[in-house]
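Trainee: Following this message is one structure expressed as structure tokens.
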Amino acid sequence: MRPTLSRLGRTLAVGVSGLLLLSACSSGGDTTAEAAGSGKPVAGGTLTTAVDTEPVSWDIHASTQDVTAEIARGVFDSLVSQDSEGKFHPWLATKWEVADDFKSYTFHLRDGVTFTDGSKFDASVVKANFDHIVAKETKSLYAANLLGPYTGTDVIDPRTVKVNFSKAFAPFLQAASTTYLGFYSPEALKAGAGKLAAGGPADVGSGPFVFSAYTKGQSATLTRNPDYAWAPETATHTGAAYLDKVVVRFLPTASVRAGALTSGQVQVAKAIPPQNVTALKATPGLRLISRANPGGNYNLWLNGSLAPLDDVRVRKAIQRGIDVEQDVKTVTFGQYPRAWSPISPTTPNYDKSLVGSWPYDPKLSAQLLDEAGWTGKDAQGYRTKAGKRLTVEWPQLSIQATREGRDVLGQAVQADLKKIGVEVKRPNLDIGTYNTKVYGGKANIIDLSWPRFDPDVLWLFFNSGSAPAKGGINATFLTDSSFDTWTDQGRSTLDEKTRADVYPKVQQRGIDLAVVVPLYTQVSLVGQSDKVKGLTFNASNWLTYYDAWLAEK
Amino acid sequence: MTASATVLAARVARRLGSAVAVLLGAATLAFLTLQLIPGDPVSVLLGPSNAGSPEVRAEIAREYGFDRPVADQYLHYLGRLLQGDLGQSYQLQRPVWSLMADQLWPTVQLALAALLLAVVLAVVSAVATAGRRPAFRAVASVWELISASTPSYWVGIVLLTVFSFRFHVFPVAGAEGFASLVLPAVTLALPLTGVLAQVLREGLEAALEQPFVVTARSRGVGRTAVRLRHALRHCAVPLLTLTGWLTGSLIGGAVLVETVFGRPGIGSLVLQAVSAKDMPVVIGVVLLSAFVFVVISTVVELLYPVIDPRLRSA
């Protein structure tokens, strides 16, 4: 899920503040999805799920991985929970006040919450956990960024805490709803980072499940916490979870995951490959849930600061000269929808009006290239200007390129652009060279996706504060005052009206300036047995097991 | 007696010397690799999907000594190795040694089962077909060729599809009990079987041409008995050498097999470490492999004179 982060690792390392909101994976609330059960839930049974990635580190305060946060969600609770519309609901905090300047948040904590080792949850635990996240020794790679300009937590009384920031920090509630800012018991924190990262019973939280066992390379087991009585309002029931046990199996091979599902050895399998979807749907007793991921789509970013793409007409010609619809359909077996905006339709403040607004139009491309002066033609059929061929460079990183068939899609794009006379070169680079070239602004095209449940992801894409030189990912390499104004406005407020005004404008302008060519929206494809009821997805499309139960059949 | 003891001691000393050289070489190579990977070592340690704030990066640089000169780092690294300290996994924040110790047993189980199975199958196949009718031979060598050259990744998926997904005979994966060991062991054994059987058959056939076979037969020893008691012993040395060598390659095979079958083990540990660029773990596994290789080849060499008396005076 945090694919392209990889190529950015080095570049990003520099800017903490830019990283503030880089939650390529985030948000914690649960929503009842189409998977909501029919009939009366029954307690008991073991649900076995197959996932494709195994957490590298289980320490929620240190890890960057989606899969860690997804599995650990069952073990750790957060202050608030977020629903799929982006609204916040009480969880371990019953209510909260946000300072007008967004520099502090006061939370009133729920009474009677205990960790599964018997210790109590109170204000000092909140402080201990947040301080632990920012401590140097924790070597937090993600949670510390989610805490932004954190300066400390004041324990006002056992039931009240005030979290302080040095600057206005509007996204804090969203951050606080994620697993990454979940709470370890005081004893668990004392056990140290090594124990927490290793997984298993040392990871003690207050959630509906206990992390009872972990075999590296094989499986993780969660067991019901019978005393759980503080479910978030976003859940469909209260009290203990229905399932006795959840076993998460790590099966990286797609065909093995699918086979384990069809043969009934697991009841849920994540990351079903698009080519297996038809067969899976045809299997009696199984169904497929397909949900578009929120956040940045898989987009091509055109470098507007470097010739020949410093000419908007050439960029536009490329944007309209790619048959996105057809290419995406072929490569993803029709499972991923083509994209129209740099962000996906499941992201708040998505601009629907962009749909259909920039269809495939090679004739228009030809006309634009003529206007831009690329009127010559060489022996290979590529356009030329003053004897120079119209060539763009789009480097690839072999370890990432094959993901979701992106290499094949790249070839289709190459073929489309050849038709309008544009040569696309795709050198294969190692990660060091790739980062230097791409984030040094020396490449014409960059491809990346960035899942996250917040339109603030647009700040990362378009604001000059997110320029690669500052450790950001603004691959347009353009400084545009309207981009800056709108994305800054959006991130400094939670006011719905302002956000609904500025974010569509950003998407629109990105398309108009043709610095972005959205290709497809990533989709979570989850196969499950009909016996599984009530399995829900949160806003980030992660499975949540709390409301799930197994029908007897 | 004393003479042969001296010979043995010299041999052991020579082996130990070369073992140390191999391990030192492997350690140096591992260190150099980390130095040569493009990008600064902190980024490499952080792995592909991690950002790392300046504070975190400084902490890592300090912890691993990246702020010191390379020669200094190298000596420090070797010094630590000598004390048996393989360092700490960055991603898992645990000592590499304890990580490997946790994952070793499932891999050893798998490797031993596969090795045993491969040797038994190879011996049966070779003894049954060596010097027999050409049709037999042809069938046997075709099957051996196929098993030696089919990717184990694919074999594993086919076996799973048939025996686990279709007929539910074996569980998909894991390392819980004997049933979960069968398919992975077969998958890992098949390529070994092919190679071993081919070599063994050729050896057997050469041995069967020898005059001693005629002598034995003339004393009334049966055909199969000649093969098992006499000819097989002649092939034992090359078989042992080859088996030793192939055992070293088992860790490589285990990476694929453990991944396909979702089994714990060194293979899945190293795969995860490589994809997360967890270099301390990768280096640890490289050193472990080198160590296993050295131990096996030493044992194999020391076994030669036991098997073949002619080598004792050498």
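Trainee: GNM, chain B, Cα, under 10 Å: largest mean-square fluctuation among B:ALA236, B:ALA185, B:ALA135?
Mentor: Of B:ALA236, B:ALA185, B:ALA135, the Gaussian network model singles out B:ALA135 as fluctuating most.
Trainee: With charges set only on the Cβ (+1 for Lys and Arg, -1 for Asp and Glu), what does the dipole of chain A come to about its Cα centre, in debye to the nearest 20?
Mentor: It works out to roughly 1340 debye.
Trainee: If you line up the long axis of helix B:232-261 against the longest principal axis of chain B, both from Cα atoms, how many degrees apart are they, to the nearest 10?
Mentor: So the inclination is approximately 40 degrees.
Trainee: GNM, chain B, Cα, under 10 Å: largest mean-square fluctuation among B:VAL286, B:VAL139, B:VAL182?
Mentor: B:VAL139
Trainee: So, one more: By the gyration tensor of its Cα atoms, with a ≥ b ≥ c the square roots of the eigenvalues, what is the shape of segment A:399-531: rounded for a/c under 1.5, prolate for a/b over b/c, or oblate?
Mentor: Note, shape of segment A:399-531 comes out oblate.
Trainee: Based on Cα positions only, what radius of gyration and what Dmax would you give for segment B:91-211, in angstroms?
Mentor: Gyration radius and largest Cα-Cα distance of segment B:91-211: 18.0, 64 Å.
Trainee: Report, in degrees rounded to the nearest 10, the 0 to 90 angle that the Cα long axis of helix B:2-36 makes with the longest principal axis of chain B.
Mentor: Value to nearest ten degrees: 40.
Trainee: Let me ask something else about it. Which residue, A:SER482, A:LEU306, A:LEU550, has the largest displacement toward the positive end of the dipole of chain A when charges sit on each Cβ (Lys, Arg +1; Asp, Glu -1)?
Mentor: Result: A:LEU306.
Trainee: A further question follows. If the cut-off is a Cα-Cα distance under 14 Å, which aspartates and glutamates reach A:LYS388, setting aside same-chain residues fewer than 8 apart in sequence?
Mentor: Counting by Cα, and skipping residues close in sequence, A:LYS388 has these aspartates and glutamates nearby: A:ASP378, A:GLU423.
Trainee: Taking amide H positions as placed in the peptide plane 1.01 Å from N, state which residues far from A:THR48 in sequence (5 or more) or on other chains have amide H under 5 Å from it.
Mentor: Counting only residues 5 or more places away or on other chains, the set is A:VAL247, A:GLN267, A:VAL268.
Trainee: Using +1 at the Cβ of each Lys and Arg and -1 at the Cβ of each Asp and Glu in the protein assembly as shown, identify which of A:GLY376, A:PRO158, B:SER297 lies farthest towards the dipole's positive end.
Mentor: Result: B:SER297, furthest along the dipole toward the positive end.
Trainee: Return the equivalent ellipsoid semi-axes of segment A:120-162 as a descending list in whole Å, where each equals the square root of 5 times an eigenvalue of the C-alpha gyration tensor.
Mentor: 20, 11, 7
Trainee: Another question, if that's okay. Sort B:GLU59, B:GLU209, A:GLU233, B:GLU144 so that the residue with the fewest other Cβ atoms within 10 Å of its own Cβ comes first and the one with the most comes last.
Mentor: Sorted ascending by nearby Cβ count, the order is B:GLU209, A:GLU233, B:GLU59, B:GLU144.
Trainee: Mind checking which aspartates and glutamates have their C-alpha under 19 Å from A:LYS139, skipping anything on the same chain fewer than 8 residues away?
Mentor: Output for A:LYS139: A:ASP59, A:ASP66, A:ASP131, A:ASP203, B:ASP40, B:GLU55, B:GLU59, B:GLU63, B:ASP67, B:ASP278.
Trainee: Provide a whole-number value for the mean count of partner chain Cβ atoms within 10 Å of the Cβ atoms in peptide A:248-261.
Mentor: Averaged over the peptide's residues, the number is 5.
Trainee: Against the longest alpha carbon principal axis of chain B, how many degrees, from 0 to 90 and to the nearest 10, is the axis of helix B:266-275 turned?
Mentor: With rounding to tens, the tilt is 40 degrees.
Trainee: Next up: Rounded, prolate or oblate: which fits segment B:257-303 when a ≥ b ≥ c are the square roots of the eigenvalues of the alpha-carbon gyration tensor, with rounded for a/c under 1.5 and prolate only if a/b beats b/c?
Mentor: Verdict is oblate for segment B:257-303.
Trainee: For chain B, what class follows from the C-alpha gyration tensor (a ≥ b ≥ c being the square roots of its eigenvalues): rounded when a/c is under 1.5, otherwise prolate if a/b is larger than b/c, else oblate?
Mentor: Since a/c reaches 1.5 but b/c is at least a/b, the shape of chain B is classed as oblate.
Trainee: Any chance you could list the semi-axes, whole Å, largest first, of the equivalent ellipsoid that the Cα gyration tensor gives for segment A:322-453, using √(5λ)?
Mentor: 26, 21, 15
Trainee: Taking trypsin sites (Lys or Arg not before Pro) as exposed when DSSP calls them loop (any state but H, G, I, E, B) and at most 16 other Cβ atoms lie within 10 Å, what is the longest stretch of chain B free of them, the sites themselves excluded?
Mentor: The longest uninterrupted stretch comes out as B:1-131.
Trainee: Can you list the aspartates and glutamates whose alpha carbon sits under 17 Å from that of A:LYS531, skipping same-chain ones fewer than 8 residues off?
Mentor: A:GLU34, A:ASP244, A:ASP547, A:GLU552
Trainee: Right, next: Could you list which residues have their amide H under 5 Å from that of A:ASP454, counting only those 5 or more apart in sequence or on another chain, with H placed in the peptide plane?
Mentor: HN-HN under 5 Å from A:ASP454: A:GLY295.
Trainee: In addition: Please report the antiparallel percentage of DSSP beta bridges with both residues in the protein assembly as shown, rounded to the nearest 5.
Mentor: In the protein assembly as shown, DSSP labels about 85 percent of beta bridges as antiparallel.
Trainee: For segment A:161-210, how big is the tail of P(r) above 13 Å, as a whole percent of Cα pairs?
Mentor: 68
Trainee: Sorted from largest down, what three extents in whole angstroms do the Cα atoms of the protein assembly as shown have along their principal axes?
Mentor: In descending order, the Cα extents are 103, 77, 64 Å.
Trainee: Go through segment A:399-500 and name the trypsin sites (Lys or Arg not before Pro) that are in a DSSP coil and have 13 or fewer other Cβ atoms within 10 Å of their Cβ.
Mentor: Here the trypsin sites (Lys or Arg not before Pro) that fit, given the DSSP loop and packing criteria, are A:LYS442.
Trainee: Tell me which chymotrypsin sites (Phe, Trp or Tyr not before Pro) from segment B:166-230 have a DSSP coil assignment and no more than 11 other beta carbons within 10 Å of their own.
Mentor: Here the sparse-neighbourhood loop sites are B:PHE167, B:PHE178.
Trainee: Follow-up question, since we're still on this one. At 20 °C and 1.002 mPa s, grab the translational diffusion coefficient of segment A:60-179 from Stokes-Einstein with a Kirkwood Rh over Cα pairs, rounded to a whole number in µm² per second.
Mentor: 146
No value in this document is a laboratory result; all are computed from the given coordinates. These figures come from a predicted structure and were not determined experimentally. In this analysis, Cβ positions are derived from the backbone assuming ideal geometry, glycine residues included, and neighbour counts consider all displayed protein chains.
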